[in-house]
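Worksheet: one structure, shown below.
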Amino acid sequence: MAAAALAGTILLTPPPTRAAPGLCVNVAQERGLVYRGAYGGTPWAFNPMSAVMLRNMGNGAAVTDYDADGDLDVLMLGQLGHGNALFRNGLAESGSASFTDQTAAAGLANTGGSRVAAFADLDNDGDQDLVVVNDWDGEGRGTPSTIWRNNGDGTFADVTPGSRFAPTGYLAGGLALADYDRDGLLDLYITYWTMELGGDPSDDGYAKGQFPARNKLFRNEGGLTFADVTTDAGLGEVQIDSFTPIFADFTADGWPDLYVAVDHRPDLFFVSEGGSFRSAAREFGLTHVGNDMGVAVADLEHDGLLDLYATNISDETGKFGNGQGNTLMRATRDAEGRVVYEDQASDLGVADTGWGWGTAFTDMDLDGDIDLYAAQGMQEFLAQQAPELRAEEAHLFLNEGDLTFREATKNGCDIVGDQRAVVPFDYDRDGDPDLLISQVAYHATLLENQTSGQGWLTVDLAGAGVQAAGARVTVTVAGGRSTQVALFGGSYLAGMPLELYFGLGAATGADDVTITWADGTTTRLGPVEGDRIVTVTPEGIRE
């Protein structure tokens, strides 16, 4: 991003509702999911540019069934002075999918200042606990991050005191969870964007950023207590502009590796070596230099290897970014059998999504091929730097079935706005993935998927707990296969539900469903009837 002096604040007018018929319709207002990502306080700002960055890097969202009633609920995160809001889905209770604000009733009253959150079972009691990461200076500016224990009755308890979970710094850029040491407990990795603003990627000695923070790994010690083990685990003192982190088994050895999207510099990749990490980006070809922000992961060729899509800046004027656009790092094996990555975003047709942020692989049209959605925006910054670049839209790329993608437009999914997090989730339980999108200055968006006449299967892994972190699900239908990955994280500032949505096309069921769990073991379900949700644990389908 360019380092230019900015003054004042541009107040944005929410865009008009777009009623064009097609695949997506924004139903947030009518369904009660009313939340505006309003600008908040920036007590850490030391000049106009730093204030703009603090306001505009965005605030995320997280989705889960926190009250275990069978439908999915939504947590929206707000800037400082604008509280986070928990919206309970009333579908299971009333038969109609609509949301009501239950923040206070659930015990989650707060003053905002949160960037990213995730629901996860941190104490292995079967309930979805909550971790919320805030910007905080460790003293009086901002608000501390929190660990909330799910009480199992629709309420949460703040168990941060005594947890030793006290990350400090700003600006929080991402959160990922996995059992990195395979001790049966979920661990937390937090990244920070430290405002380098164009540091020379070839200069390892560059002063590391103007905001005080470093990326942190917190090991879950049990009993909802945590220890900062960043250095001991081999992850070093990373203080560069880091965005979305991903824990997943990229090397196919049964251990979760760690990929970190990085702004201005080469991305980071740490390979797991039995519970500790080794920096290995160059070895695996993951050294892209750009403005990597959001990340989506899929096994596009169903070969057991995970492919990485990262959003960047695409700017044909040449003012911003490095002109390379997004990356789709395809995984293959070389002559010696080693996993290597190569960028094929341009070849596959997914290189340009404007100023990209959140992104996700999901089967939007339920045809059995995984599609790709990417959000965009940076409105206040562009209003002062390059107004001509503000007329961008979100991008939907439909999978052509041959590992190439076609951009689909004028279908209601290609919305305007200042988007950040993207979370696919089936809010109305009709089988197709809807899209939750957080916004800066605008209201949150809920894109209801209008697909009909296609078979579907939802695989719910939430009951698998720690084994769901990075689990891969492959569904076989009429000889064709589709593979998706469950992640605690991904997209951008997003807490994903542990549900995966598979289209069956004209079929009435799957010929086979196979899950590869976090520890590398597999569960094969065989034939599964379609148009249903199946909850799966390593022991099989839970009725």
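Select from segment 46-61 the residues that are open to solvent by 40 Å² or more (accessible area, probe 1.4 Å) and either touching a Lys or Arg at 6+ places or on another chain (Cβ under 7 Å) or not aromatic (Phe, Trp, Tyr) (or both) and list them in ascending order.
Passing the criteria: 47, 48.
Give the residue, chosen from 51, 106, that is without any contact (Cβ under 8 Å) to a residue 60 or more places away in the chain, among the small types (Gly, Ala, Ser) and closer than 19 Å to residue 381 by Cβ.
The unique qualifying residue is 51.
Any residue in segment 111-129 that is surrounded by fewer than 24 Cβ atoms within 10 Å (Cβ to Cβ), modelled with pLDDT under 95 and farther than 21 Å from residue 223 by Cβ?
yes
In segment 495-512, how many are more than 23 Å from the chain's Cα centre (by Cα) and crowded, with 23+ Cβ neighbours inside 10 Å?
2
In segment 299-323, how many residues are among the hydroxyl-bearing types (Ser, Thr, Tyr) and open to solvent by 20 Å² or more (accessible area, probe 1.4 Å)?
The qualifying residues number 2.
Say we look at segment 409-428 and pick out the residues that are of a type in the set (A, V, I, L, M) and buried (at least 19 other Cβ atoms within 10 Å of the Cβ); which of these is farthest from the chain's Cα centre (by Cα)?
415
Of (1) in contact with an Asp or Glu (Cβ under 8 Å, 6 or more places away or on another chain); (2) buried (at least 24 other Cβ atoms within 10 Å of the Cβ); (3) closer than 17 Å to residue 327 by Cβ, residue 405 satisfies all except one. Which?
Among (1) in contact with an Asp or Glu (Cβ under 8 Å, 6 or more places away or on another chain); (2) buried (at least 24 other Cβ atoms within 10 Å of the Cβ); (3) closer than 17 Å to residue 327 by Cβ, the lone unmet condition for residue 405 is (2).
May I ask you to say which residue of 105, 92 is small (Gly, Ala, Ser), assigned to a helix (DSSP H, G or I) and open to solvent by 10 Å² or more (accessible area, probe 1.4 Å)?
92
Are there any strands (runs of 3 or more DSSP E) wholly within segment 168-279 with 1 or more residues that are closer than 28 Å to residue 314 by Cα, at pLDDT below 95 and open to solvent by less than 30 Å² (accessible area, probe 1.4 Å), and if so which?
257-266
How many of the residues making up segment 151-167 are open to solvent by 30 Å² or more (accessible area, probe 1.4 Å) and among the β-branched types (Val, Ile, Thr)?
1
Condition first: touching a residue at least 60 places away in the same chain (Cβ under 8 Å) and of a type in the set (Phe, Trp, Tyr). Now tell me which residues in segment 228-270 satisfy that.
Scanning segment 228-270 gives 243, 247, 250, 255.
Which residues, counting only those in segment 430-458, are open to solvent by 10 Å² or more (accessible area, probe 1.4 Å) and among the acidic types (Asp, Glu)?
430, 448
Run down 64, 100 and say which single residue is touching a strand residue (DSSP E or B) at 6+ places or on another chain (Cβ under 7 Å), in contact (Cβ under 8 Å) with a residue 12 or more places away in the chain and surrounded by fewer than 16 Cβ atoms within 10 Å (Cβ to Cβ).
Selected residue: 100, the only one of 64, 100 that is touching a strand residue (DSSP E or B) at 6+ places or on another chain (Cβ under 7 Å), in contact (Cβ under 8 Å) with a residue 12 or more places away in the chain and surrounded by fewer than 16 Cβ atoms within 10 Å (Cβ to Cβ).
Open to solvent by 20 Å² or more (accessible area, probe 1.4 Å), of a type outside the set (S, T, N, Q) and more than 23 Å from the chain's Cα centre (by Cα) - does that describe any residue in segment 358-373?
yes
Counting just the residues of segment 517-543 that are in a strand (DSSP E or B) and open to solvent by 50 Å² or more (accessible area, probe 1.4 Å), which one comes out modelled with the lowest pLDDT?
Of everything passing the filter in segment 517-543, 542 is modelled with the lowest pLDDT.
The values are calculated or read from the model by the stated rules, or taken from the named source; none is laboratory data. As the structure is a computational prediction, the values presented were derived from the model and not from experiment. Note that we place each Cβ from the backbone using ideal geometry, even for glycine, and neighbour counts take in every protein chain shown. Protein only, heavy atoms only, side chains kept; ligands, DNA and RNA dropped before computing areas. Shrake-Rupley method; radii C 1.70, N 1.55, O 1.52, S 1.80 Å.
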